[in-house]
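Please treat every number below as a calculation from the coordinates, not as lab data. Every value quoted in this text rests on a predicted model; they were computed, and no experiment measured them. Note that each Cβ is placed from the backbone with ideal geometry, even for glycine, and that neighbours are counted across all protein chains shown.
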């Protein structure tokens, strides 16, 4: 058996983040070969992943950030099984490292992100490796990005909710961008404006409105008109530009933006929250 020094164990620990004993055992099994030792750790992760495949990974972190030029923003969700792991510094570092890669590479979708290399291995494999180290099911479950003239990111305290907001104009007071990103977090709009709402959602709301009116005993010939009135309220409550501004409900988000710059508007947004 190859002689394994404390320095070798420490080196492998720096390379993988695995525990000291796991590193020592991996080096012993690999007879001192670092590449083989890393593979041993990765296989352990796959074995643990297989055993825990049916576990619920409902905890984790939601992170969002932008590139330095504010033209590209990314949002990721890295899940784990317990709140204890979600608050672990190594887990948070892994999530931040993945997000950094997404920003540097301007990744377009989740599948592409999983195939980018982190520390010399694909992110998908890196996560498997960390499963063996942490001992819980981990999953990179969600990714979204926004490209705009200016993108603002917001992470709610606790790392369970994050948003991205894209705007058509740069150079506006940063507080305005932040206010809109926080509005998205607080009010969870389904679209930017009413013309952006999916037809299936509109049809569903019309049917709900008709059924409510029918149960209230309204005449059948008035159901459509009543439902369309309810649809207007739905648009006001659920489309970002028509929502009341949470910091000043005397104006809508559209009015707030126009009071800052008459041409300023939102071009896209993304929001994700972990279920409480």
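Taking R0 as 35 Å, what FRET efficiency do you get between residue 255 and residue 141 from their Cβ-Cβ distance, rounded to the nearest 0.05?
Values: r = 36 Å, r/R0 = 1.04.
Approximately 0.45, to the nearest 0.05.
Tell me, what is the FRET efficiency for residue 190 and residue 214 to the nearest 0.05, using R0 = 25 angstrom and their Cβ-Cβ distance as r?
Computed FRET efficiency for residue 190 and residue 214: 0.50.
For the Cα atoms of the chain, what angle does the longest principal axis make with the long axis of helix 123-134, in degrees from 0 to 90, nearest 10?
70 degrees
Using only Cα atoms, tell me the angle between helix 20-29 and the longest principal axis of the chain; keep it within 0 to 90° and round to the nearest 10.
60 degrees
For the Cα atoms of the chain, what angle does the longest principal axis make with the long axis of helix 34-51, in degrees from 0 to 90, nearest 10?
Roughly 50 degrees between the two axes.
For the range 59-147, report the translational diffusion coefficient in µm²/s to the nearest whole number, using Stokes-Einstein at 10 °C, 1.306 mPa s, and a Kirkwood Rh over Cα pairs.
After rounding, the answer is 122 µm²/s.
If packing is taken as the mean number of other Cβ atoms within 10 Å per residue, what is the order of 202-209, 264-271, highest first?
264-271, 202-209
Gap in Å between the Cα centre of the range 62-117 and the Cα centre of the range 139-191?
Rounded to whole Å, the Cα centres lie 15 Å apart.
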